[in-house]
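In what follows, a structure is listed as structure tokens, so that the remarks can point back to it.
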Amino acid sequence: MSSKQRQLRSEQQEQLSRQRMSWWMIGLYGVLLLWGSQGCLDYFPPDKEHTAQQEPTLDHSSSTGPEPTRQEPPPERLTQDRIEAADEPQAEADASPEAREPVREEPATEPAPDRLGHVSTYWWQDAVIYQLMLRSFQDSDGDGIGDIKGLISRLDYLNDGDPNTTDDLGVNAIWLLPIFKAHSEHGYDTIDYQAIQPEYGTLQDFKNLVKEAHRRGIRVVLDMVFNHTSDLHPWFKDASASPTSSKRDWYVWRDTNPNWQQPWGGGTSWHPLNGFFYYGVFWKGMPDLNFRHPPVRQQMTVISHFWLSQGVDGFRFDAARYMVEGKTSNEQGDQPETHAYWREYRTNIKKVSKQVMLVGEVWTDIGNIIPYCKGDEFDLVFHFPIAEAIYQSITKRQSYGLWRALEASYAMPFTCWSAFLSNHDQVRIMTRLNKNMADMRTAAWLFLTLPGTPFLYYGEEIGTLQGTENKGYDTRAPMAWTAAPQGGFTQGKPWHPLPQHDKANVAGQTQDPNSLLSLYRKLIRVRNNHRALRTGTFAPLILDGQGVSAVVAFIRTHEKQRLAVVVNMGQQPIQKMTLKFSIDVGSMRTVASEGKVTLYPPTPNNPKFHYVDLEAGGAAVLELLPASP
Ligand SMILES: [Ca+2]
Ligand SMILES: [Ca+2]
């Protein structure tokens, strides 16, 4: 080990010891060591009985959106940070990944909840995670491109770290869409896995971001695009130069064209180059790495350990079902070798800390999602079927479809669900709901009270609309902080035009108690303050009355905390709706409500039935109080 490496190692250890206090506050380590092997199924014993049903296939899109127009990347700035980033773990790529970093100490005793009320086994079970595109969040230097310093200046909007204030969103983590050096604006064509995209800042800026985020109780999650690199990555340049190149086996080559179509239809998965064909399932500009090749697998662990040593709290894995290909065109996704890879990767990462969150993008039907959620691959998987079912149920004003999707998911532990309404690959939910604010509010109620760790896509909390440029980035347009033409996003020309934002901007909503933003702040606080909503058991609540097919009602329970959630997706008020509890409920207390909610006590001859009036679009979280002795 060189003196420079020793110095870096010692800096890493110093940083880890600085983090130790916060790590100490984070975990219930003694418990988790026992529970980790159980996959936390113990939370939901009743649901083990349910069997999975097949949902309609939703696999219809690439994870990376449309192909952007290629542009030359900006010249590389070879700063000290860049040198260190390139120099350090890269130089030891062949060393055993396990030896690279000390295992974080896990105290045996149970710590007190941290200031954000984090008390569950793993931090993400208590979190609301905010997904954002750095390029579109806040520009700090007028070049029209969002950057790390800009994000730091907006952290207080997300969470100011003070539990006594209510003018921040209250989210507990951010997931940054790819920020590594890449060719395209979307960042999914990586050129250097250990460098920050120069337009976004430096590694030192990133360290400052982690520090400033952690100071506020916000954890930092990075998007990891392992399946493929850019064709401009030095590995691919080397690999494609000759069949005898040292990196040749880092990618997937054939002498003749196997003629596979992409699994979702469309184009070809194989691309000609210098008389050979390489596999690139998404695009010729993004060749797939060869995960059958041990050095590739090892390198991804080294890269992950590097970012963990920078204080990162978790990773989101792009295109996670496409890691290893089979022998035919029908074997491009969800292969046994892909599952084996994620098991191996998880083992290597969780050696560092069990509190590193691993969330996978597995965009497919529920039957193919569930195997990634058995406790030995991902901690969380995005629940695409439920996201779609929420949207469909709201527009149809019928709860049936949502229940069908929920029941089909019961074979998957709720602790593995990542709830969301929309993401960077989908049309903005406000646009899909035809700008109907009442429906948008209903969606927020369901999103933040149903099981699963919520992932809130930036701007959704202010009803951001889809852009109309039709250039592939209309879902990822800059955030509107004000109604001004550039939305307070930049002093210069935004890299992409803002969508219509006369109403969908932060300044116009922040003081208005009836705004969508205020609703999000309120519901996130209710969730943060009620463990039953975060990790509690889930059971349908049987209803009776006129119009109840438009109502979603359920019970979330954690120990003595019992909450009923009722959400009227309909456009008619509902009077004296019967809530048919299976237990005696003494009385109900309104924790949060949408519209006027009137509660009626049970009649003496049936103490298990309570009654509620809900307005059109009305909703409530009701605390169930025990019957008097
Ligand atoms: Ca900038
Ligand atoms: Ca692959």
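The values are calculated or read from the model by the stated rules, or taken from the named source; none is laboratory data. Keep in mind that this is a model prediction, so the values were computed, not measured. Cβ coordinates were reconstructed from backbone atoms using ideal geometry, including for glycine residues, and neighbour counts include every protein chain displayed.
Kindly evaluate Asp512 against the criterion of being at pLDDT 95 or above, out of contact with any Asp or Glu (no Cβ under 9 Å at 6 or more places or on another chain) and in a loop (DSSP other than H, G, I, E, B). Don't jump to the end; show me each part of the working.
Working: at pLDDT 95 or above: yes; out of contact with any Asp or Glu (no Cβ under 9 Å at 6 or more places or on another chain): yes; in a loop (DSSP other than H, G, I, E, B): yes.
In short, yes.
Across the stretch 581-629, the qualifying residues are those that are of a type in the set (Ser, Thr, Tyr) and part of a loop (DSSP other than H, G, I, E, B), and the one among them that is modelled with the lowest pLDDT is Ser628. When the test is whether a residue is outside any helix (DSSP H, G or I) and within 16 Å of ligand 1 (Cβ to nearest atom), Ala483 does not pass it. Within the stretch 417-449, the residues that satisfy the criterion of being part of a helix (DSSP H, G or I), crowded, with 20+ Cβ neighbours inside 10 Å and among the small types (Gly, Ala, Ser) are Ala443, Ala444.
Would you tally the residues in the stretch 450-477 being part of a loop (DSSP other than H, G, I, E, B) and out of contact with any Phe, Trp or Tyr (no Cβ under 6 Å at 6 or more places or on another chain)?
18
Of the strands (runs of 3 or more DSSP E) entirely within the stretch 211-321, none holds at least 1 residues that are among the charged types (D, E, K, R) and within 16 Å of ligand 2 (Cβ to nearest atom).
Here is a yes/no grid of residues against (1) buried (at least 23 other Cβ atoms within 10 Å of the Cβ); (2) over 28 Å from Gln426 (Cβ atoms); (3) touching a Lys or Arg at 6+ places or on another chain (Cβ under 6 Å); (4) of a type outside the set (S, T, N, Q):
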{"position": "Asn164", "(1), (2), (3), (4)": "no, yes, no, no"}
{"position": "Ile174", "(1), (2), (3), (4)": "yes, no, no, yes"}
{"position": "Thr190", "(1), (2), (3), (4)": "yes, no, no, no"}
{"position": "His214", "(1), (2), (3), (4)": "no, yes, no, yes"}
{"position": "Phe226", "(1), (2), (3), (4)": "yes, no, no, yes"}
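Within the stretch 350-361, is there a residue that is assigned to a helix (DSSP H, G or I) and buried (at least 19 other Cβ atoms within 10 Å of the Cβ)? Taking every residue of the stretch 350-361 in turn, none turns out to be assigned to a helix (DSSP H, G or I) and buried (at least 19 other Cβ atoms within 10 Å of the Cβ).
Each row is one residue, and each column tells you yes or no for (1) free of Cβ contacts under 8 Å to residues at least 60 places away in the same chain; (2) within 30 Å of Glu407 (Cα to Cα); (3) not assigned by TED's automatic domain parsing to the domain that holds Ala411.
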position	(1), (2), (3)
Tyr473	no, no, no
Pro485	yes, no, no
Tyr520	no, yes, no
Ala550	no, yes, yes
Ile555	no, yes, yes
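Please determine whether any residue of the stretch 555-574 is of a type in the set (Gly, Ala, Ser) and under 30 Å from Thr165 (Cα atoms). Yes, the conditions are met somewhere in the stretch 555-574.
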